[in-house]
Amino acid sequence: MAEESVVYVVEDDAAMRDAILLLLRSAGFRACGYPSAEAFLSSKAYCRPACLLADVRLPGMDGLALHRHLISLGVEPAVVMITGHGDIPMAVAALKAGAVDFVGKPFDPAVLLDSVRAAIRQADETWQRKTAAAEVQSRLNTLTPRETAILEHLVEGHPNKVIAAKLGISIRTTEHHRAHIMEKMGARTLSQLIKKALRRTD
């Protein structure tokens, strides 16, 4: 996974940034560095699944504010915060906001790499979940209003007979629509259909 993933390092100290980039690259990661949160945001790199390694204290927008901003954009970043001793309360706040870990300065290279690997696993899982949800939504968009109504009743656990009565249609028509729904949603069983329908809320 290391060879396929990118670690974005946001650190204003050039020497520290270069040292982290060297460590990451020596461990097989692709890594890019940025001197500020603003420079990182301008790159649009956050649009791709990746690990973000950010210093808590940065000029301009700090690491915690960067994390909050990314969340406000609908991004679920896999973030590892780099912190000095006095910044630990801020790092803890970052953890509560969803950061994967924080690593204190001076950091142990092995500890930092372990944190990055954990973040990359999380980034990959988040990307797969979002991709699956987007595919489900795309399929849902192909349903007619009638099929959407029937699907909602199926998700609520109603059998064909009840759905037909609620919608004022025949059971045969309900079964016909249900077959079309299954086909459009790419589901072979009712349980698969319901799981797919529920995935949009993940």
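The values are calculated or read from the model by the stated rules, or taken from the named source; none is laboratory data. No experiment lies behind these values; they were computed from the predicted model shown. Glycine gets a Cβ as well: all are built from the backbone with ideal geometry, and neighbour counts include every protein chain shown.
For (1) out of contact with any Asp or Glu (no Cβ under 8 Å at 6 or more places or on another chain); (2) assigned to a helix (DSSP H, G or I); (3) modelled with pLDDT of 80 or more; (4) of a type in the set (Ser, Thr, Tyr), each residue gets a yes or a no:
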{"site": "MET81", "(1), (2), (3), (4)": "no, no, yes, no"}
{"site": "ILE88", "(1), (2), (3), (4)": "yes, yes, no, no"}
{"site": "ASP124", "(1), (2), (3), (4)": "yes, yes, no, no"}
{"site": "LEU143", "(1), (2), (3), (4)": "yes, no, yes, no"}
| Residue check, LEU23 against (1) farther than 30 Å from LEU198 by Cα; (2) free of Cβ contacts under 8 Å to residues at least 12 places away in the same chain, all met but one. Which one? | (2)
| Which pairs do you get when a residue that is β-branched (Val, Ile, Thr), found in the range 170-184, comes within reach of a residue that is crowded, with 16+ Cβ neighbours inside 10 Å, reach meaning Cβ atoms under 6 angstrom, with the pair 6+ apart or on two chains? | ILE171/ASN160; ILE171/ALA164; THR174/ASN160; THR174/ILE163; THR174/ALA164; ILE181/GLU147; ILE181/LEU151
| note | Of the residues in the range 145-175, those that are of a type in the set (D, E, K, R), loosely packed, with under 15 Cβ neighbours inside 10 Å and assigned to a helix (DSSP H, G or I) number 5
| query | Out of ALA187, ALA99, ALA93, which single residue is out of contact with any Cys (no Cβ under 8 Å at 6 or more places or on another chain), assigned by TED's automatic domain parsing to the domain that holds ARG17, aliphatic (A, V, I, L, M) and in a loop (DSSP other than H, G, I, E, B)? | reply | ALA99
| note | Output for Cβ contacts, cut-off 6 Å, separation at least six or different chains, first residue farther than 16 Å from ASP101 by Cβ and part of a helix (DSSP H, G or I) in the range 54-77, second of a type outside the set (Asp, Glu) and at pLDDT below 90, reads LEU70/TYR46; LEU70/PRO77
| task | Please tell me if VAL103 is over 22 Å from the mean Cα position of the chain (by Cα), of a type in the set (Val, Ile, Thr) and at pLDDT 85 or above. | result | no
| remark: Checking ARG129, ARG121, ARG117 in turn, the sole residue that is under 24 Å from TYR34 (Cβ atoms), of a type outside the set (Phe, Trp, Tyr), surrounded by 13 or more Cβ atoms within 10 Å (Cβ to Cβ) and within 14 Å of the chain's Cα centre (by Cα) turns out to be ARG121
